[in-house]
Every structure is written in C-alpha cells, then in structure tokens.
Amino acid sequence: MTEHEKIQEIVKIKDQVPLPLDNGRSALIVVDVQRYFARPEYPFAQVIEKVMPGATSGYFERVNSTVIGNIQRLLAAFRSRRLPVIYLGVGRCLGDGRDLPAWMRDFDQLGLDVLGERVHPLVNHPSWQIDDRVAPIPGEIVVNKTSSGALASTKLDQTLHNLGVNSLVVCGLTTAVCVTQTARETADRGFRVVIAEDACTEMSIELHEAALLAFGWVFGRVRLAADIAHFFTAAAKVAV
C-alpha cells in the first residue's frame with residue numbers, strides 16, 4: 001500500500017463517524033454559481049479556450065449534467081427545513097478592478113489581452129447574477145466577495161453566527177479554488193463543514209478529487225448531495 005493509499009484509508013475511517021451537521025442550525029453555502037462561471041459564452045470560459053481549446057468542455061458538461069441538479073436537490077432540502085441559504089458571488093466593485101487581489105487582476109489582464117474585456121464582471125452586471133437554475137428566492141442572502149475564500153473579504157462568519165449557525169454544507173464553483181477555500185476558512189472559524197462532492201466541480205476531475213481529498217483529510221467531511229439531502233429530510237420527518 002502506497003503512502004497515498006494509506007491516507008485515503010484514514011479518510012475512509014474518518015468517514016465512518018456520523019455527519020457532524022446540526023439539522024436545526026446548519027446553513028447551505030452556494031459558492032459562485034454565477035452565469036459567467038456556469039455558462040460558456042462569458043469571458044471566464046472564453047479566455048481559457050483561447051489559451052487551450054477544449055479545456056472547458058468537460059467542466060461545463062459536469063456543471064449541466066450533475067452539479068446544477070445536485071445544488072437544486074440541496075436547495076430543496078434546506079428550504080423545506082427553513083434553514084438559511086447563503087449565496088456567494090465574486091465580482092469587482094470598481095470599473096478597473098483595483099479592488100481585486102493581484103491574482104484576479106492578472107486573470108482580468110489576460111482577458112483584456114486575448115478578448116478585449118475583463119473576466120470578472122462588475123457587481124450586479126447580468127453576468128454576475130446567480131445562474132437562473134439555482135437562483136435565490138426572497139429572503140435568501142447574496143454576498144459579493146473579492147477573494148477566493150469568502151472570509152478574506154466579507155463578514156460571512158459574523159452573519160452565520162448572528163443566524164445561530166454552527167455547521168455548513170458547501171457547494172458550487174469551482175472545487176479547488178473558491179469552494180474548498182471557503183470551506184477551509186469557515187472550518188478554521190469553528191464551523192463544522194461538509195462539502196457536497198457532486199454539487200461542485202473543477203476544470204479537471206483530478207483537480208476536483210485532489211481538492212476534496214485534502215479537505216476531507218484535515219478540515220471536514222465530503223459527502224454526496226443525496227446523502228446530505230436525506231440527512232435533513234429524514235430529520236424533518238422525525239420532527240413531525
């Protein structure tokens with residue numbers, strides 16, 4: 001057995017423990033499922049395609065065939081329990097993007113160089129909006145961030161504490177960047193965190209799996225969306 005296989009076995013042992021979610025004090029965090037991340041016609045995908053044609057085809061296939069449907073499943077479970085749903089988006093507040101960190105400004109510059117437009121949209125631009133298939137309903141919070149992880153540029157943790165939340169389910173786009181970064185940051189702030197593994201994806205399956213393994217090894221748990229939804233719907237039946 002290789003050292004990597006040993007780590008995988010340890011994670012499997014860890015996963016035998018029941019999910020550390022509080023069925024009455026959990027929130028669903030939907031990370032960056034915005035039109036410009038979820039659809040191929042916007043600069044995010046077009047820049048990558050200019051650099052490496054075909055690089056985003058698998059990503060968008062997974063978004064449409066798997067991720068969106070599983071986010072919808074989680075939304076239904078949380079809304080049926082009247083548990084908080086919080087959406088995160090990423091976008092620039094200033095026209096020239098000076099409010100973004102250097103790595104995001106670099107990606108914007110690449111967009112300007114190869115497409116003549118920035119990758120990251122202005123807040124409230126149509127491309128910044130949450131994808132219509134998983135759009136928020138009245139009473140659900142939408143928070144803009146100017147970083148990969150939410151806590152670096154927002155007061156999400158304070159909002160969650162104010163709501164009485166102690167555990168989180170995290171899903172969205174993309175796994176190795178904003179999803180696991182947000183999950184790690186919130187885990188470090190004391191929340192119990194579970195990532196819905198099939199309600200997020202990455203540019204490659206390998207990146208997706210590596211990010212989830214690293215998160216599950218240290219910070220929290222990784223579970224299928226169906227299992228997470230069942231956890232909350234079963235709790236609802238017991239409560240009745």
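Assorted remarks:
- Cα pair distances in region 133-184, grouped into 5 Å bins until the bin that holds the longest one, percent each: 4, 17, 25, 31, 19, 4
- 11 Å beta-carbon shell around Cys93, net charge (K/R +1, D/E -1): +1
- Under 29 Å from Lys155, Cα to Cα: lysines that are on another chain or at least 8 residues apart: Lys145
- In region 3-55, the convex hull through the Cα atoms has an average projected area of 7.1 nm², a quarter of its surface area.
- Region 21-239: Cα Rg divided by the 2.2 N^0.38 Å rule of thumb: 0.98
- Neighbour-limited loop hits for trypsin sites (Lys or Arg not before Pro), region 1-82 (at most 12 other Cβ within 10 Å; DSSP other than H, G, I, E, B): Arg82
- Helical segments meeting 15 Å axial Cα length and Kyte-Doolittle -1.0 threshold in the chain (DSSP H): 3-14, 68-80, 102-114, 205-218, 225-239
- Cα pair count fraction exceeding 20 Å, expressed as % - region 138-240: 41
- For the chain, the dipole from Cβ point charges (+1 on Lys and Arg, -1 on Asp and Glu) about the Cα centre works out to 920 debye, to the nearest 20.
- Gain on full stretching of the segment that runs from Lys12 to Gln72 - 0.36 nm per residue minus C-alpha separation: 18.9 nm
- Computed log10 I(q)/I(0) for region 1-151 at 0.09, 0.14, 0.17 Å⁻¹: -0.39, -0.85, -1.06, from the Debye equation with unit scatterers placed on every C-alpha and solvent omitted.
- Cleavage-rule hits, GluC sites (Glu not before Pro), region 1-78, DSSP coil, Cβ neighbours within 10 Å at most 11: Glu41
- Glu3-Asp188 FRET efficiency (beta carbon distance; Förster radius 30 Å; 0.05 resolution): 0.70
- Maximal additional length on extending the His125-Asp227 stretch stands at 33.2 nm, based on 0.36 nm per residue less the C-alpha distance.
- With K and R counted +1 and D and E -1, the other residues having a Cβ less than 11 Å from that of Leu160 yield a net charge of +2.
- Applying the criteria of a DSSP loop state and at most 16 other Cβ atoms within 10 Å to the trypsin sites (Lys or Arg not before Pro) of region 171-240 yields Arg189.
Every number here is computed from the coordinates shown, using simple stated rules; none is lab data. The shown structure was predicted, so the numbers you read here are calculated from the model rather than taken from an experiment. Neighbour counts are summed over all protein chains in view; Cβ atoms, including those assigned to glycine, are modelled from backbone coordinates with ideal geometry.
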